Amino acid sequence: MTTVGAVLQSIVSGKSIQTMERQAQDGEYGILKVSAVTWGEFRPQQNKAMPADYEPGECPRPMDGDILISRANTRELVGAPVLVRGDHPQLLLSDKILKLIPNSALVDRKYLVRALRFPAATAHFFKCAGGSSGSMTNITQGDIRSAPIPLPPLEEQRRIAAILDQAETLRTQRRQALAHLDTLTQSLFLDMFGDPASNPNLWPVKTLKELGKVITGGTPPSSKEGMFDGPIPFMTPGDLESGEPVRRSITEAGAKEVDVVRAGSTLVCCIGATIGKVGMALKESAFNQQLNAVVWGSDINDHFGYEVMRFFKPTIVSWGASTTLPILKKSSFERIEIPVPPVHLQEVFANRLRQISNLKRLHKSALVDLDELFGVLQSKAFAGEL
């Protein structure tokens with residue numbers, strides 16, 4: 001074992017810059033958000049636009065082959081590394097992202113990224129992470145330099161990186177297939193009903209208030225004991241569009257303090273940076289005050305209602321625009337008008353959607369198997385057993 005610092009030439013830090021609350025457009029400078037490096041691949045679209053008169057000077061930019069790592073994030077995610085694909089001269093590194101400059105005579109770039117994701121390094125970052133915020137923690141350049149990594153000879157590093165890259169390619173292909181099925185869902189909707197925002201088929205329209213019960217969520221009081229960690233899911237903006245199980249839950253006692261909605265209800269974030277995100281309650285659920293729920297009535301199939309609201313994200317974002325905190329009040333949210341096709345057509349759509357969902361489950365199951373295989377390969381690789 002050695003340390004990351006022993007195989008580095010230097011570490012380059014980004015800058016703290018005032019940004020605009022939107023993604024950079026063509027020709028504009030943008031500064032990378034932490035989410036650009038969080039999820040195992042470089043995501044250049046995760047950025048915020050810079051003011052038109054900003055002059056970037058020598059601020060570092062992500063270029064092909066660069067290794068970027070987050071120095072600030074939640075305790076579980078801080079220290080996440082990625083390898084940049086392609087040159088991105090219009091993007092800048094924020095002060096929460098560092099660029100690692102490796103010594104190519106000692107370490108292969110691809111191998112170093114893999115080693116930084118191995119438990120020895122991630123556990124080190126978890127232990128070192130500190131900060132006053134409950135959600136955002138920090139690690140220092142010293143913490144990164146002292147992270148332990150195995151260091152076989154260069155040829156072996158390249159062999160390990162190539163094997164893990166092949167396994168990662170299979171995982172990526174499965175994820176792309178899942179993303180394609182998501183696109184297929186929207187294409188099916190548009191084919192059957194048209195764009196609900198423009199309503200080209202001239203379906204009758206009604207407000208959300210006319211089509212169901214709109215409820216704003218709430219949080220059980222933390223001052224009372226026995227409110228949390230029970231059988232009832234407690235949904236927050238982070239659960240919407242995540243594809244993951246709901247992370248928090250409340251007890252029966254906690255449910256008496258807030259509103260609970262039935263399975264099939266649509267939940268929409270109406271406040272904060274993630275305004276417009278949409279989800280569905282898969283079982284009876286509670287939800288916090290950042291979310292509005294629509295409990296659909298007899299004119300709307302639950303699956304149709306969920307899908308139609310996904311098309312109205314731009315409307316929600318626009319209506320909730322604010323110079324400070326984006327927010328769409330319940331009274332305004334209830335006035336959103338959506339098209340109402342005949343229920344039997346909605347049910348045909350829902351049945352086809354179930355077929356797509358079955359395919360998604362098959363791909364997700366295969367992805368779980370591939371993830372397990374990748375974990376085994378990674379463990380063997382860094383134990384010298386591959």
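The values are calculated or read from the model by the stated rules, or taken from the named source; none is laboratory data. All values derive from a computational prediction rather than experimental measurement. Please note: Cβ atoms are built from the backbone with ideal geometry, for glycine as well, and neighbour counts cover all protein chains shown. Just so you know, the surface numbers come from the protein's heavy atoms only, side chains and all, with ligands and any DNA or RNA stripped out. Shrake-Rupley method; radii C 1.70, N 1.55, O 1.52, S 1.80 Å.
List the strands (runs of 3 or more DSSP E) inside region 173-272, counting only whole elements, that have at least 2 residues being hydrophobic (A, V, I, L, M, F, W, C) and modelled with pLDDT of 95 or more.
Fully inside region 173-272 and qualifying: 212-216, 228-235, 266-269.
Restricting attention to region 230-257, report how many residues are farther than 24 Å from Ala273 by Cβ, hydrophobic (A, V, I, L, M, F, W, C) and touching a Ser or Thr at 6+ places or on another chain (Cβ under 8 Å).
1
Take the residues in region 313-346 that are in contact with a helix residue (DSSP H, G or I) (Cβ under 8 Å, 6 or more places away or on another chain) and over 22 Å from Leu267 (Cβ atoms); name whichever of them is least open to solvent (accessible area, probe 1.4 Å).
Per the criteria, the residue is Pro341.
Could you look through region 160-171, keep only residues that are without any contact (Cβ under 8 Å) to a residue 60 or more places away in the chain and open to solvent by 40 Å² or more (accessible area, probe 1.4 Å), and pick out the one that is farthest from Ser104 (Cα to Cα)? Give the steps one after another, and end with the answer.
Taking region 160-171 and keeping what is without any contact (Cβ under 8 Å) to a residue 60 or more places away in the chain, we get 161-162, 165-166, 169.
Okay, now just the ones that are also open to solvent by 40 Å² or more (accessible area, probe 1.4 Å), so 162, 166, 169.
Numbers: Ala162: 17, Gln166: 22, Thr169: 24 Å.
Of everything passing the filter in region 160-171, Thr169 is farthest from Ser104 (Cα to Cα).
Residue check, Lys48 against (1) buried (at least 17 other Cβ atoms within 10 Å of the Cβ); (2) part of a loop (DSSP other than H, G, I, E, B); (3) modelled with pLDDT under 95, all met but one. Which one?
(2)
Considering each residue of region 90-114, count those that are open to solvent by 10 Å² or more (accessible area, probe 1.4 Å), part of a loop (DSSP other than H, G, I, E, B) and aliphatic (A, V, I, L, M), and give that number.
Of the residues in region 90-114, 2 are open to solvent by 10 Å² or more (accessible area, probe 1.4 Å), part of a loop (DSSP other than H, G, I, E, B) and aliphatic (A, V, I, L, M).
Does at least one position in region 115-131 carry a residue that is part of a loop (DSSP other than H, G, I, E, B), farther than 27 Å from Ile163 by Cβ and either over 20 Å from the mean Cα position of the chain (by Cα) or at pLDDT below 95 (or both)?
Yes - at least one qualifying residue is present in region 115-131.
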